[in-house]
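Below is one structure; the comments refer to it alone.
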Amino acid sequence: MYRQSSWDIGWFLTLPGRHDESTTQMEAYPGQNGSSSLSQSGKTQVHSCDNGSTPGSEIKEGALRLSGKSELGNEQLRGGKKFDPGTWKAQGSPCGHNVYLCTCLAGEQKTPEFTKLNPMQKVPVIVDNGFVLTESDAILKYLATTYKVPHHWYPQDPKIRARINEYTSWHQTNTRPHAARVFILEVLMPRMTGNPPDAKKVERALADLSETLDKLESVFLKRQPFLCGDEITLADLLAICELMQPLGSGRDVLKDRPKLDAWRERIKSAMKDTFDEVHMYLYRLRDKARL
């Protein structure tokens with residue numbers, strides 16, 4: 001998944017489960033002008049990225065949807081720049097929180113305030129009562145082990161957990177870069193440069209991605225419905241998030257692969273409405289690409 005895009009936000013907010021009663025309210029601030037609020041106690045900031053101007057919204061403890069209302073005014077959110085309230089939703093999160101989107105194409109992840117959170121100037125970032133954590137994989141596992149979520153996401157069984165870790169390690173040098181390359185070439189770069197995709201580069205990227213898809217089918221999904229066993233886990237969320245990204249150009253890389261397509265349908269069934277809601281922006285890009 002390309003880190004400086006809006007695609008890094010949906011998956012780590014889709015852990016179904018109830019907020020543990022002992023945890024605090026969670027709050028998030030934008031990358032540009034949020035440092036003044038970082039010292040508040042009992043708060044968690046969640047920073048993700050967006051290539052548009054849609055802001056984050058508030059979610060109360062125990063709720064499953066963002067309300068579309070922010071505790072901060074528009075001027076405070078973006079250093080005096082106004083923008084319209086967004087409709088982005090975070091479904092089934094493990095705890096109450098607020099989330100704001102960082103406009104990475106505008107360089108908000110490079111501001112001094114955001115750099116204090118993550119010197120790497122990358123998203124996502126989560127701050128839980130002063131504990132700052134980066135990287136999608138690490139954040140998912142932290143949430144699954146810190147908050148009350150169904151055990152199947154990251155089971156305590158050491159062998160199942162090892163299988164999840166095995167996939168997520170493999171993911172970083174296979175699924176992620178290969179799906180991201182297609183996304184960058186066909187979705188991101190044309191939007192940034194105004195030029196059509198380089199056909200030869202796309203062809204090579206698709207060939208690399210095809211090898212990864214072969215491995216997913218023949219190894220991880222060989223005899224089981226999900227990547228790491230009989231139940232959906234964090235591994236499936238990481239993988240499907242990446243493999244949905246090429247859809248932004250109208251390219252569905254799973255539709256002609258029955259085993260992977262059926263796996264996607266099982267994930268959709270497990271996630272219910274959450275799946276489509278967190279991919280809504282991709283669906284809109286897909287629909288535009290068809291015009």
message: Quick one: the Cα spread of segment 100-157 along its three principal axes, in angstroms, biggest first?
response: 42, 22, 18
query: For segment 205-281, rounded, prolate or oblate, judged on the Cα gyration tensor with a ≥ b ≥ c (square roots of eigenvalues), a/c < 1.5 rounded, else prolate if a/b > b/c?
result: oblate
- request: Using every pair of alpha-carbon atoms in segment 143-209, split the distances into 10 Å bins beginning at 0 and state the percent of pairs per bin, rounded to integers.
  value: 19, 30, 22, 20, 9
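Relative contact order of segment 153-290, please, whole-number percent, based on alpha carbon pairs below 8 angstrom and at least 6 residues apart.
Values: 127 pairs, mean separation 36.2, N = 138.
Value for segment 153-290: 26 percent.
Give Lys141/Lys268; Lys110/Lys268; Lys122/Lys222; Lys201/Lys272; Lys215/Lys268 a once-over and call out the pairs whose C-alpha atoms are over 31 Å from each other.
Numbers: Lys141/Lys268 21 Å; Lys110/Lys268 35 Å; Lys122/Lys222 35 Å; Lys201/Lys272 36 Å; Lys215/Lys268 21 Å.
Cα-Cα > 31 Å for Lys110/Lys268; Lys122/Lys222; Lys201/Lys272; rest within.
Among Trp263, Trp170, rank each residue by its count of other Cβ atoms within 10 Å, from fewest to most, as a rough exposure measure.
Trp170, Trp263
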task: Provide Met120, Met244, Met271, Met189 in ascending order of the number of other Cβ atoms located within 10 Å of each residue's Cβ, fewest first.
output: Met120, Met189, Met271, Met244
- request: Treat the count of other C-beta atoms within 10 Å as a stand-in for reagent exposure and order Ile267, Ile126 from fewest to most.
  value: Ile267, Ile126
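Per residue and in Å³, how big is the convex hull formed by the alpha-carbon atoms of segment 153-290? Mind dumping the intermediate values first?
Numbers: hull volume 14.8 nm³, N = 138.
Taking only Cα atoms, segment 153-290 has a hull volume of 107 Å³ per residue.
No value in this document is a laboratory result; all are computed from the given coordinates. Computed from a prediction, not measured in an experiment: that's the story for all the values here. All Cβ positions, glycine included, derive from the backbone under ideal geometry; neighbour counts span all protein chains shown.
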